[in-house]
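Working notes, structure below.
The values are calculated or read from the model by the stated rules, or taken from the named source; none is laboratory data. Nothing here was measured: the structure is a model prediction, and the numbers come from that model. Cβ placement follows ideal geometry from the backbone for every residue including glycine, while neighbour counts extend to all protein chains displayed.
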Amino acid sequence: MYHACQLAMSFDADALQADLRTALDRAAWTPHFVTRNYEGDWSAIPLRSVGGRPDHIYSDPSVAPEDYLDTPMLADCPYFRQVLASFGCPVTSARLLKLAPGSRIKEHVDHDLCLDKGVVRLHIPVTTNPLVEIHIEDQRVIMAEGECWYIDATLRHRLANLGETDRVHIVFDCVVDDWLRRHLRSAGLQPRPVGFLEARGIRPQDLDKVIAAFRAMGTEAGLAMAEELEAARGLN
């Protein structure tokens, strides 16, 4: 598969849940700030953040990897530290992310989070239930407690917790290096198909403007490119 794969790494679900209880004894969940992307309760506790700030719950792609530091919460959770230390690649942002029962994350994309972009997003379920549904490009992915999964977050994905218990994952971003590439290849990750527009660096929402610009050139080559792009509608 190219949209997601399970790495050949697994972790002790009981130990993960013990550290989760420790985290909940010491901190409160912070609601996710992108409120337009979800309904219900989607919230976070940071484990690694910019400057190690305990109130910084988001991943900032403009920040250098070395500027991400452990938060005080991670110091209180020895198994979470052990889990993150088992990755032989640089880990930038790391958060506990909770989706409460009856909540859903609307379909969206997270730009610049895939193998080709040099930073990938990994998930380790801490608590989940059989009625959690995650779809990537309309394909359902089922993740069990203690497993480790890569997802191509630049693809359309959505999530719903239709069960009666919280869904909590450690969600963390890693810089792609040789260690991570080996693990992803071993997990069966396939190259992602690249659409006609993406291969030319054109975002679908910019297509009309790009076509107009080529036509405005008034040259044979410009008009030919405009016609080629017009014919490419729907190919992505």
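A count restricted to the range 156-169 and to residues that are within 17 Å of the chain's Cα centre (by Cα) and either surrounded by fewer than 18 Cβ atoms within 10 Å (Cβ to Cβ) or of a type in the set (F, W, Y) (or both) stands at 2. Residue check: is L207 in a helix (DSSP H, G or I), surrounded by fewer than 17 Cβ atoms within 10 Å (Cβ to Cβ) and more than 16 Å from the chain's Cα centre (by Cα)? For L207, the condition - in a helix (DSSP H, G or I), surrounded by fewer than 17 Cβ atoms within 10 Å (Cβ to Cβ) and more than 16 Å from the chain's Cα centre (by Cα) - is met. Screening the range 64-83 for residues that are of a type in the set (S, T, Y) and in contact with a strand residue (DSSP E or B) (Cβ under 7 Å, 6 or more places away or on another chain) and picking the one that is nearest to L16 (Cα to Cα) gives T71. Can you confirm whether the range 151-165 contains a residue that is part of a loop (DSSP other than H, G, I, E, B) and outside the structural domain of Y68 (by TED's automatic domain parsing)? No, the range 151-165 contains no residue that is part of a loop (DSSP other than H, G, I, E, B) and outside the structural domain of Y68 (by TED's automatic domain parsing). Among the residues of the range 114-132, those that are more than 18 Å from S10 (Cβ to Cβ) and assigned to a loop (DSSP other than H, G, I, E, B) comprise G118, N129, P130, L131. For the range 114-166, residues that are over 18 Å from W42 (Cβ atoms) and of a type in the set (D, E) total 6. Within the range 188-200, the presence of at least one residue that is under 18 Å from the mean Cα position of the chain (by Cα) and surrounded by 13 or more Cβ atoms within 10 Å (Cβ to Cβ) is confirmed. If the condition is being more than 18 Å from T22 (Cβ to Cβ) and hydrophobic (A, V, I, L, M, F, W, C), then the range 42-58 contributes W42, V50, I57. Within the range 41-78, restricting attention to residues that are under 16 Å from H169 (Cβ atoms) and among the small types (G, A, S), the residue that is surrounded by the most Cβ atoms within 10 Å (Cβ to Cβ) is S59.
Per-residue answers, yes or no, for (1) more than 13 Å from the chain's Cα centre (by Cα); (2) within 14 Å of L155 (Cα to Cα); (3) of a type in the set (V, I, T):
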{"site": "Y79", "(1), (2), (3)": "yes, no, no"}
{"site": "S86", "(1), (2), (3)": "yes, no, no"}
{"site": "A94", "(1), (2), (3)": "no, no, no"}
{"site": "P130", "(1), (2), (3)": "yes, no, no"}
{"site": "I134", "(1), (2), (3)": "no, yes, yes"}
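Test R121 against the stated conditions and say whether it is over 18 Å from Y58 (Cα atoms) and in the same structural domain as D19 (by TED's automatic domain parsing). In short, no. Counting the residues of the range 83-101 that are within 16 Å of D67 (Cα to Cα) and surrounded by fewer than 16 Cβ atoms within 10 Å (Cβ to Cβ) gives 0.
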